[in-house]
Amino acid sequence: MKVTLITACFNNKNTIGSTIRSVQSQTYADIEHIIVDGSSTDGTLELLYQLKNETTQVITEPDKGMYDAINKGLNLATGDIIGLLHSDDELYANNTIEQIVNHFAQSQADWVYGNGIYVDSTNTNLIIRNWISKPFKRWKLWFGWVPLHTTMYFNKAAVKLLGLYDLRYRIASDYEYTLRALTSSKLKVHYTGFYHVRMKMGGTSTSLKNQLPKSKEDFIIMRLYKLPASFTLTFKILRKIPQFF
């Protein structure tokens, strides 16, 4: 099975190198890495072309933000399995993709998710948050539960069914997409139980300056999916606290 990884990128010269190397060091060979760059000006492009190999496809053009870039990647993806890897992040281990492919084969799921860690942006050995998702139960959505988005991998049919990210949400479109997937009666989801990704603190969704607008978007999305928004938002915020300990 061919795996497509999509990376949205803009002015990430300091981190994109480790992202690319984590893909190129995978034990699984059949990988397509699509990097959608929003016309970076900090030297990122030069680094992309320096590091790219036969598995890497680089697209550079202005976009409307991260989710627009991801949508472009989804439209270009040719893999049987499709996942995201942000430009600040790395695959957890050299055999992560191999493990994910094997789990698809064993579970016969339409999409899977797993665990992830947030690490310090300068010392990636320092774990800040440990996100263990656990198996999905529908009632958990009321209490703000969702899997870590960049641990989610979909088969081609699931991506076709779900469609693209909703660009009305500037920061929380991944939350809407996750709820769209979790509430679909046509898709079988499975929890892998292992770690998929190392994420550096300070990305779009983890930046402190984005927490208020993100919460506002979360609230709108919760109402869209008939969740008790005030209740669910409170628990969504509170459930992050144990991940820091």
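Remarks
- Rel. contact order, % - alpha carbon contacts under 8 angstrom, at least six apart, the chain: 22
- Of LYS160/LYS214; LYS13/LYS137; LYS156/LYS226, pairs whose Cα-Cα distance is over 30 Å: LYS13/LYS137
- Packing rank of 168-175, 148-155, where each peptide gets the mean count of other beta carbons within 10 Å, highest leading: 148-155, 168-175
- Distances between placed amide hydrogens fall under 5 Å for HIS196 paired with ASN115, GLY116, all partners being 5 or more residues away or on another chain.
- Cβ charges +1 (Lys, Arg) and -1 (Asp, Glu), total dipole of the range 54-172, debye: 720
- With the charge dipole of the chain set up from +1 on Lys and Arg Cβ and -1 on Asp and Glu Cβ about the Cα centre, the Cα lying farthest toward the positive end among the listed residues HIS190, GLN57, ASN94 is that of HIS190.
- Positive-pole candidate from PHE231, ASN123, PHE219, dipole of the chain, charges at beta carbon: PHE231
- The chain - share of DSSP beta bridges that are antiparallel (%, nearest 5): 30
- Which labelled figure in (1) 70, 49, 35; (2) 49, 41, 34; (3) 54, 39, 36 is Cα extents along the principal axes in Å, once derived from the coordinates: (2)
- Net charge dipole size for the chain [Lys, Arg +1 and Asp, Glu -1 on Cβ; Debye, nearest 20]: 1240
Where a number appears in this text, it was derived from the coordinates with a stated rule and is not lab data. All values reported here derive from a predicted model rather than from experimental measurement. When we count neighbours, we look across all protein chains shown, and the Cβ atoms used for this are built from the backbone with ideal geometry, even at glycine.
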